[in-house]
């Protein structure tokens, strides 16, 4: 942190240190130095974690301006870089030349807020054809209800990268797929079956999450955050609540923190089981698919029985949790851990010893360690390629400050590594779950949150099952939300798919995609 | 009488093929602790498809429209060559096993053309993959046929099987290898795991399914049905050539009944074997398929050599 500060000052960048937003420090720099600061931070091995823009109006600012944020990270440390640009000329240098991960985020900010990042990719990203040119839905004067057109024009003429040469052909896949999955478009350039280039085009499930968050109360925002990505409902709700609790300077009761962690670990267990099952399904090893899928279904049914919702939606609320566990339920959950472990041992041995499964998983879709660093991958994608990152261990939040989290790291970066990292995380989650159940303290499960003052901000950073989730909340007047930005880990992991697929053959794409399993909804917002 | 039995056998072939697929599905579900759909489900699926509207892509040519009928017709004709219940059938005497290989190739040719015809990426990809596999499967299939033909002194299936029936039931090493070779070819040609996955929804991994993605309604029903007939055809070929016992040699009801029972037991058992392989193996990488079929060719070739070295003279 000090090294970065000194280097920035030496480069002539004026750094204004603002009050911190735990767990991050906040520095403001002039907008013209935005790109150069990124270059310096990148050279000092800071990781780019999240980026968003906001319009600040009302009592907080006499002259409305746009504020641009970029969250940088080192293990255990967070730094929120800020700058402001005037409304009549909203432009600043791009950070994308130094941080690949900033690319789509900046394009998203430009599409929704009209801030131009010079030197970055000028193609639209989130903006398909739903708004007129010059309309920016995240600006304050744009109505929350939107400006509905009769029909959204088809999204044609997106300039994909073209390849030329003998035998090169293009395969457009999606957004409508043969199976029931989320919509996304993949444009392949291939020679024979070998993939030369892959370009993703997402944004088909844009829901206007950031816009409809404005004006909500705290509970309303929590419910919305739980729907950013359905499979990560606990993770996003926890991150959003953490941000709101930071802003109102409230500490949740210890029992509530433990219950939140129980929910989060159960979400991790269910999703990892399902991902492992789905990876096996994509290589047509149906035995593993059905058996692991059955275990996942058991976990979900227990969720439904004990917590009242299979996916644990809306169980986390601002100030605590909306669930209670009696002794019988604790014993039930504890017994389930033993059963899961026993069945997993048996199943995973069968999968591990099957040579035809190994033949498909190993050396397929390799994400090199250098690429993982360059793209800033997190979660199991990062862990499988040597990125030893886990918020629960590096910057522990309650209750993980009382527990020790073992983080599995692999170096090979192939589909097999991502499969086994999931399995090891699953085992860690089972161990944590047992510890959480054993040490579950007594006490209240919820506290009331005071109405925050206008302009109060909070940053929530938690380890979701896909990896690090960042949630930013700023309050407006009357305790209503003025700005909410959830950064799903998929923002950082989707680009990895474009990289790891190169040189593989076309029919390996589904299993590679499944091994990354980015959330479409989580990045389309 | 012979013609009547012959027609009956073809009808049975066509009518019973969805039943075999239903049986395979049932076995597969049971082996995975799942509740199985009715054994009649493939019939219901076909009936559903026949009722549905048939949508044809705007840019489709006559090849696209003709192919389903042609593929189905060829599959029915191929049924006439392979003995299912009885051996002395007039149609079996008309054409030999090389014609059978030709029929299968003709159907595949039109299937691949239809895949290319609409100009979608998936159709082209599927056709290209199908032809890659076909170009390797056909030589292996022919080598099996030649092993059989050289041993029996004829390329006619019916007379070869008849000769076999009158011999002592002894194990011929050459036939063991040829049967293994044919089994591998059959797995590849009928699009089963580990070469192709008939149950997948992943369009990028498909081979057979990718070619027929644009088909719907009765066109799709015909193609699906033809694929089921082809599966039954390869099954019947495997069990009746290499384990011919039980095939009726006369047309009286008792021997025909015995023949029906025998083929049901043999195909049912073969389905069990197929399911066992399918649950034990993951689908292999596409580029391993040539090695797989190369191995099939090698097995058939070894069968032929063993015949020449051990069994001649």
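The values are calculated or read from the model by the stated rules, or taken from the named source; none is laboratory data. Because the structure is predicted, anything quoted here is derived from the model rather than measured. All Cβ positions, glycine included, derive from the backbone under ideal geometry; neighbour counts span all protein chains shown.
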statement: Only unsatisfied item for residue B:290, checking (1) in contact with a helix residue (DSSP H, G or I) (Cβ under 7 Å, 6 or more places away or on another chain); (2) within 14 Å of chain A (Cβ to nearest Cβ); (3) crowded, with 19+ Cβ neighbours inside 10 Å, is (3)
query: Pick from A:172, A:153: which is surrounded by fewer than 17 Cβ atoms within 10 Å (Cβ to Cβ) and either over 24 Å from residue A:365 (Cα atoms) or touching a residue at least 60 places away in the same chain (Cβ under 8 Å) (or both)?
result: A:153
message: Of everything in the range B:48-66, what is within 30 Å of residue B:28 (Cα to Cα) and surrounded by 15 or more Cβ atoms within 10 Å (Cβ to Cβ)? Give them in sequence order.
response: B:49
- request: Quick one: which residue in A:108, A:116, A:128 is within 25 Å of the chain's Cα centre (by Cα) and over 27 Å from residue A:29 (Cα atoms)?
  value: A:128
field: the range B:29-76, residues that are free of Cβ contacts under 8 Å to residues at least 40 places away in the same chain, more than 26 Å from the chain's Cα centre (by Cα) and in a loop (DSSP other than H, G, I, E, B)
entry: B:33, B:34, B:35, B:58
message: Suppose we keep only residues that are in contact with a strand residue (DSSP E or B) (Cβ under 9 Å, 6 or more places away or on another chain) and assigned to a helix (DSSP H, G or I) within the range A:486-498. Which one would you say is surrounded by the most Cβ atoms within 10 Å (Cβ to Cβ)?
response: A:492
- request: Scan the range A:307-329 for residues that are part of a helix (DSSP H, G or I) and over 21 Å from residue A:252 (Cα atoms) and report the count.
  value: 3
query: If you check residue B:246 against the conditions, is it more than 14 Å from every other protein chain (Cβ to nearest Cβ) and in a loop (DSSP other than H, G, I, E, B)?
result: yes
Exclusive hit being more than 21 Å from the chain's Cα centre (by Cα) and either closer than 22 Å to residue A:426 by Cα or in contact (Cβ under 8 Å) with a residue 60 or more places away in the chain (or both), set A:395, A:339: A:339
message: Any residue at all in the range B:34-47 that's surrounded by 15 or more Cβ atoms within 10 Å (Cβ to Cβ), more than 30 Å from residue B:158 (Cα to Cα), within 14 Å of chain A (Cβ to nearest Cβ) and modelled with pLDDT of 90 or more?
response: yes
- line: For residue B:88, the lone unmet condition from (1) in contact with a strand residue (DSSP E or B) (Cβ under 9 Å, 6 or more places away or on another chain); (2) in a helix (DSSP H, G or I) is (2)
- prompt: Does residue A:165 satisfy the criteria of being away from chain B (no Cβ under 13 Å) and without any contact (Cβ under 8 Å) to a residue 40 or more places away in the chain?
  reply: yes
task: Please note which helices (runs of 4 or more DSSP H) are completely contained in the range A:168-284 and include at least 2 residues that are over 23 Å from the mean Cα position of the chain (by Cα), farther than 20 Å from residue A:467 by Cα and away from chain B (no Cβ under 14 Å).
output: A:254-282
- prompt: helices (runs of 4 or more DSSP H) wholly in the range B:110-218 with at least 3 residues that are within 14 Å of another protein chain (Cβ to nearest Cβ) and out of contact with any strand residue (DSSP E or B) (no Cβ under 7 Å at 6 or more places or on another chain) - which ones?
  reply: B:121-152, B:208-211
message: Can you tell me how many residues within the range A:396-423 are in a loop (DSSP other than H, G, I, E, B) and under 30 Å from residue A:440 (Cβ atoms)?
response: 11
query: Tally time: how many residues in the range A:314-334 are surrounded by fewer than 17 Cβ atoms within 10 Å (Cβ to Cβ) and under 20 Å from residue A:272 (Cα atoms)?
result: 1
